[in-house]
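Throughout, read-outs are computed from the coordinates displayed, never taken from laboratory work. All values reported here derive from a predicted model rather than from experimental measurement. With ideal geometry, Cβ positions are generated from the backbone for all residues, glycine too; neighbour counts draw on all protein chains shown.
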Amino acid sequence: MKVRFFIYSFLLIIILLFDYDYCCGQWVRTTGTIPGGILSLTSNGSYIFAGSFYNGVYRSTNNCATWVQTSLNALDVYGLASGGGTIFAGTDTCVFMSTDNGQSWKVPYIQYGSGTARCFAISGTYVYAGDDNGVDRSTNNGVNWISSTYHINARAVAANGQYVFVGDQNTNLSRSTNYGLNWSQTSFSEPYYIGSMAINGTTFLPVPGVRVFIVRQTMD
């Protein structure tokens with residue numbers, strides 16, 4: 001009986017160690033450094049971009065071993081996103097766009113709205129930018145922008161098809177089912193603002209700002 005117990009215990013330990021390594025893997029600190037600290041990250045193919053305090057956007061082409069400052073500099077870059085070959089960078093003044101992996105940057109033809117752009121969500125050619133005054137959206141991958149009917153300070157935004165979610169600094173979570181045209185507040189209730197969000201298939205995952213757990217719910 002004791003032998004069987006020890007065998008089962010040994011097998012359980014092996015399984016737990018295997019599951020831990022499989023689920024958690026290993027983390028390795030990168031060798032490249034960015035002055036001022038990192039505010040945001042995104043990637044486009046083999047290119048990795050980092051938005052920094054005061055120093056704009058840096059780019060790495062060797063998996064973060066080294067970083068090179070792009071021509072977008074001397075600005076705080078709070079949000080970064082990549083979609084359709086375009087890199088979007090959110091600053092205190094406006095949204096900048098790059099279509100050549102950070103070699104050059106420009107502003108949209110119809111200027112993005114006011115407020116610090118803190119977060120982005122991209123679904124197809126639809127781009128959503130959350131700022132201090134709400135959510136602005138583009139239906140043509142950032143060429144033109146219009147203000148949506150959501151006018152509350154946005155801290156996180158996520159999108160999948162016609163579904164768009166936005167969390168504000170007052171712990172509210174709102175949803176649009178028609179590409180950001182109309183919004184309604186959901187029943188989601190947490191005592192903390194939503195710091196980040198993600199969508200995996202039909203599952204929506206909001207992460208409260210000072211919690212370590214994830215709240216899961218379906219989009220429908």
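Results, tabulated for the structure shown:
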quantity	calculated
Amide proton proximity set for residue 40, modelled H, under 5 Å, gap of 5+	51
Calculated from backbone phi, Karplus (6.51, -1.76, 1.60) coupling profile of region 97-106 in Hz, x at Gly/Pro	10, 10, 10, 10, 6, x, 5, 9, 10, 9
Residue 203 paired with residue 71, simple spin-label distance in nm, labels 7 Å along Cα-to-beta-carbon	4.3
Dipole in debye (nearest 20) - region 31-218, about Cα centre, beta carbon charges: Lys, Arg +1; Asp, Glu -1	300
Distance in nm between pseudo-label sites at residue 170 and residue 144 (7 Å out along the Cβ direction from Cα)	3.2
For residue 186, residues with placed amide H under 5 Å, excluding near neighbours	173, 174, 175
Rounded FRET efficiency, nearest 0.05, which uses the C-beta distance separating residue 47 from residue 106 and R0 of 25 Å	0.90
Extension gain (nm, one decimal) between residue 63 and residue 192, 0.36 nm per residue minus Cα-Cα	43.0 nm
